Amino acid sequence: MSPFSLSSLILTLTTLMFSVITYQADRTNKVNRAWFYFSIPFAIWSFSLFQITNTFSEKTALIWQYILDVSAIWIPVTYFAFIAALLRYKKSYTLRTLYVITGIIAVLSFTKWFKIGIGKIFDFFWVEPGPLYII
């Protein structure tokens, strides 16, 4: 296991630990719930990165790459929701719009426009981006 892989696993475990502790402290608090909901895609992203860097199968790496991409797409919008809860931002139509846009981008992540495939780089698999991957 490389230091890069190990750091991804440590990140996954600490993210889950702190998010559960925060959520358990007060489940009714909107900020705590928003932090928990932000932490879930972040933990999935870091665990997927760990899996990609530790697999020897291109097919398995591609599956984990799809999971990584979808979870990464949800990180900014869930972070925005956390900040909105923290600042008591009340315009829910903004969040709903962002959720719809994020959902559309998540669906696009399964197309060749988003990723062409994966290739072996630095002793592990890495994405071969399509033209829309920058989104």
Working from Cα positions, state the angle (0 to 90°, nearest 10) between the long axis of helix 30-54 and the longest principal axis of the chain. 10 degrees
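Rounded to the nearest 0.05, what FRET efficiency is calculated for SER92 and ILE135 with R0 set to 30 Å and r the Cβ-Cβ distance?
Details: r = 24 Å, r/R0 = 0.81.
Step by step, r from the Cβ atoms, then E = 0.80.
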Please give every one of the aspartates and glutamates within straight-line cross-link reach of LYS112, meaning a C-alpha to C-alpha distance under 15 Å, and leave out same-chain neighbours fewer than 8 residues apart. ASP69, GLU128
The long-range amide H neighbours of GLY117, using H built 1.01 Å from N in the peptide plane and a cut-off of under 5 Å, are GLU128
Heavy-atom accessible area per residue of region 1-108, all protein chains kept, 1.4 Å probe, expressed in Å², is 60 Å²
Can you return the lysines within cross-link range of LYS115? Criterion is Cα-Cα under 22 Å, with same-chain partners fewer than 8 residues away left out. LYS59
Whole-Hz Karplus couplings 3J(HN,Hα) for region 10-19, θ = phi - 60° and coefficients 6.51, -1.76, 1.60, Gly and Pro as x, run 4, 4, 4, 5, 5, 4, 5, 4, 5, 5
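Less than 10 Å Cβ to Cβ from GLY130, Lys/Arg counted +1 and Asp/Glu -1: what total charge do the surrounding residues give?
Local net charge: +1.
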In whole percent, the fraction of accessible protein surface over the chain that belongs to carbon or sulfur atoms, probe radius 1.4 Å, stands at 72 percent
Can you run phi through the Karplus equation (6.51, -1.76, 1.60; θ = phi - 60°) for region 102-108 and list ³J(HN,Hα) in whole Hz, with x for Gly and Pro? 5, x, 5, 5, 4, 5, 4
Counting only trypsin sites (Lys or Arg not before Pro) that are in a DSSP loop and have at most 11 other C-beta atoms within 10 Å, tell me the longest site-free stretch of the chain. 28-87
Region 9-44: chymotrypsin sites (Phe, Trp or Tyr not before Pro) in DSSP loop, at most 10 other beta carbons within 10 Å: none
Which entry in [x] 1.35; [y] 1.15; [z] 1.01 is this structure's computed Cα Rg over 2.2 N^0.38 Å? [y]
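Rounded to the nearest 500, what is the chain's calculated 222 nm mean residue ellipticity when only DSSP H runs of at least 4 contribute -39500 (n - 2.57) each, over all residues?
Rounded to the nearest 500, the figure is -24500 deg cm²/dmol.
The values are calculated or read from the model by the stated rules, or taken from the named source; none is laboratory data. Everything numeric in this text was worked out from a predicted model, so none of it was measured. All Cβ positions, glycine included, derive from the backbone under ideal geometry; neighbour counts span all protein chains shown. Accessible surface is based on the protein model in full, side chains and every heavy atom, while ligands, DNA and RNA are left aside. Shrake-Rupley method; radii C 1.70, N 1.55, O 1.52, S 1.80 Å.
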